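Step one of this worksheet: look at the structure below.
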Amino acid sequence: MNGKKKTMRAVIEIIIAVLVIIAVYFIIRGMDRHDVCIRQAATENEMQRVWKEFQEKPVSIKLHKKTWKFAHPVQTYLFIGTDKSGNEDAEGEEYHGSMADALMLVVVDEEEKAYGILQLNRDTITEVPMLLQDGSANSVYGNLSIVLILIGVCMMFFLNTCKNVLKRGFLIELAATMRQVSMVILFAVLYLFFVKNAGDFSRITLFLTAIFYAIISYGTRILWKRHVLRNLRLGRKNSIVILTDWANLPQVREDIQHHSYELFQIRGIAVIDVNEKKTLPEKLGDIPFVAEGESVMDYLCHAWVDEVFIDLQPNDPRIDRWIDQLTEMGVTVHLKLANRMELAANKQFVEKLGRYTVLTTSIRTVSTWELFLKRLMDILGGIVGCILTAILFLILAPMIYHESPGPIFFGQTRIGKNGKKFTCYKFRSMYLDAEERKAALAAENRVSDGMMFKLDFDPRIIGSRRLPDGTIKKGLGNKIRDWSIDEFPQFWNVLKGDMSLVGTRPPTEDEWVKYELHHRSRLAIKPGITGMWQVSGRSEITDFEQVVALDRSYIANWSLGLDVKILCKTVGVVLRHEGAM
């Protein structure tokens, strides 16, 4: 079933990518262009008039197959023809053969430095501006080719488009290629738009660029993967020997059966001790036993061995001796550092801490560059959000004060990353005595364990009341909460660095004291204005363990792309009032 889902997703991604490329084509097509047809223009005056019209609006031009060169107060226009017409007014060299199907208009200044070229085919004329400027090849096409390369490289590094490339099948690889091509072309169009060259760029050229880019990129990836995998199959891998003991053989057997060592050619298994009660078998699966006891070192000295993986218990006293002997031989040594490396969602890496080499384990690790980009996104979003908050303040302040005189903003102590306390700001949507009345309403809490506080009817909300017939009458506070307007002042928390645009929901102090150990993991990152919980049901989710699971999933699978996806979903959730209380 999982394979079918991946295939279906790949097909959908391919379709979307093709639609994006087609959409880009029509976007370029709709931009201002200078496509003109051919008509008669025989004299110098006529040529000047046609050129003037061409500068003002699309016109029709027809040129005799001869060279026209005439003076102008500002510029000189050179028309190159293709036949020997014998026209006495023609000046300059005439061209034949390869130029027979096209005419070219070269616009030059008085110093005869080319400023642009108009290529005239049989039926159309397409402007190719800035093909030459001041005699240099500084064209819009040349600039765009550099931009395309830079965009592709940036996507490869920042969006990790080559992740698991060796494991992708043909269809999955095609989907990944089309996704990258569509994104590159889309960014290229944005570049053309901002530099104001979009109207001058041939849409056919861009469309063909996308097609050839997709073909070449996909073909290159497939050929490269075949080359790499072929080398691996031919044994061009590093030769590695697994060094273990009798007590650890069951674990070695399980590791080999369930985990891949495809980048290595396992030469064999060497057992460093001897079991007098058991005889060493010839093979463990397809991997032979190559040495036992005292013969291990002799084997490692004389066999082809690039690297050795020491699979012993971490506290085994023999490890240091083996590492010293093997490194003296010039063999690379890999040492298993822990017995439990399968903890859910753990990320581990080796780093220096002072003078020590340590194994760092975390629920999620991110690079400095990823943190920088996330913070940059927070700052930009925070600035925009604060501007919107100021506008909303001018509208809401008199309304809130009229319904419930008092402060417009509400500040509450919340728990942030790793237990750090901060003041979380909101537009006040409740009466001033809301916190004092909370204890009296605890029995009506929809979340039975008290890990969150959610009521079907909350009388503390400004204007909210229950009518005699049981109908709930919503007021100003409900409308503020339905549209999530009360959250806007949190953009100030984002700018300050207390929160992020996307993260986990920050708990209150009374919720925090009830947390168990596994609950605390949801605060391994900065809390956010929105997050997985908010776009997956919000207040409709009453099981706190489900909230924790969503938050842990977000932390373990975090990426900038996931943040953007959640932000986009948040807009839809707010507009549809999903899960609002």
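For the range 555-568, state whether one or more residues are surrounded by 15 or more Cβ atoms within 10 Å (Cβ to Cβ) and of a type in the set (Lys, Arg).
No, the range 555-568 has no match at all.
Do the conditions hold for Leu455, that is, is it in contact (Cβ under 8 Å) with a residue 60 or more places away in the chain, surrounded by fewer than 22 Cβ atoms within 10 Å (Cβ to Cβ) and not hydroxyl-bearing (Ser, Thr, Tyr)?
In short, yes.
Given the residues Ile461, Ile485, which is the only one that is at pLDDT below 90 and closer than 30 Å to His519 by Cα?
Matching residue, one of Ile461, Ile485: Ile461.
When only residues in the range 281-315 that are more than 12 Å from Val241 (Cα to Cα) and in contact (Cβ under 8 Å) with a residue 40 or more places away in the chain count, which is surrounded by the fewest Cβ atoms within 10 Å (Cβ to Cβ)?
Gln313
Identify all residues within the range 493-515 that are surrounded by fewer than 18 Cβ atoms within 10 Å (Cβ to Cβ) and not polar (S, T, N, Q); write none if there are none.
Hits for the range 493-515 are Leu495, Lys496, Gly497, Glu509, Asp510, Val513, Lys514.
Conditions (1) at pLDDT below 80; (2) closer than 26 Å to Gly561 by Cβ; (3) not in a helix (DSSP H, G or I), marked per residue:
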residue: Val184; (1), (2), (3): no, yes, no
residue: Val189; (1), (2), (3): yes, yes, no
residue: Tyr218; (1), (2), (3): no, yes, no
residue: Gly235; (1), (2), (3): yes, no, yes
residue: Gln257; (1), (2), (3): yes, no, no
residue: Val274; (1), (2), (3): yes, no, yes
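Scan the range 287-302 for residues that are modelled with pLDDT under 75 and assigned to a loop (DSSP other than H, G, I, E, B) and jot them down.
Answer for the range 287-302, where residues must be modelled with pLDDT under 75 and assigned to a loop (DSSP other than H, G, I, E, B): there is none.
Out of (1) surrounded by 15 or more Cβ atoms within 10 Å (Cβ to Cβ); (2) at pLDDT below 90, what's the single condition that is false for Ile480?
Evaluating Ile480 over (1) surrounded by 15 or more Cβ atoms within 10 Å (Cβ to Cβ); (2) at pLDDT below 90 leaves (2) as the failure.
Taking Leu467, is it among the hydrophobic types (A, V, I, L, M, F, W, C) and free of Cβ contacts under 8 Å to residues at least 40 places away in the same chain?
Taking the combined requirement at face value, the residue satisfies it.
Go through (1) within 27 Å of Glu578 (Cβ to Cβ); (2) surrounded by 17 or more Cβ atoms within 10 Å (Cβ to Cβ) for Phe422 and report which single condition fails.
(1)
The values are calculated or read from the model by the stated rules, or taken from the named source; none is laboratory data. Since the model is a prediction, treat every value here as computed from it, not as a measurement. Neighbour counts are summed over all protein chains in view; Cβ atoms, including those assigned to glycine, are modelled from backbone coordinates with ideal geometry.
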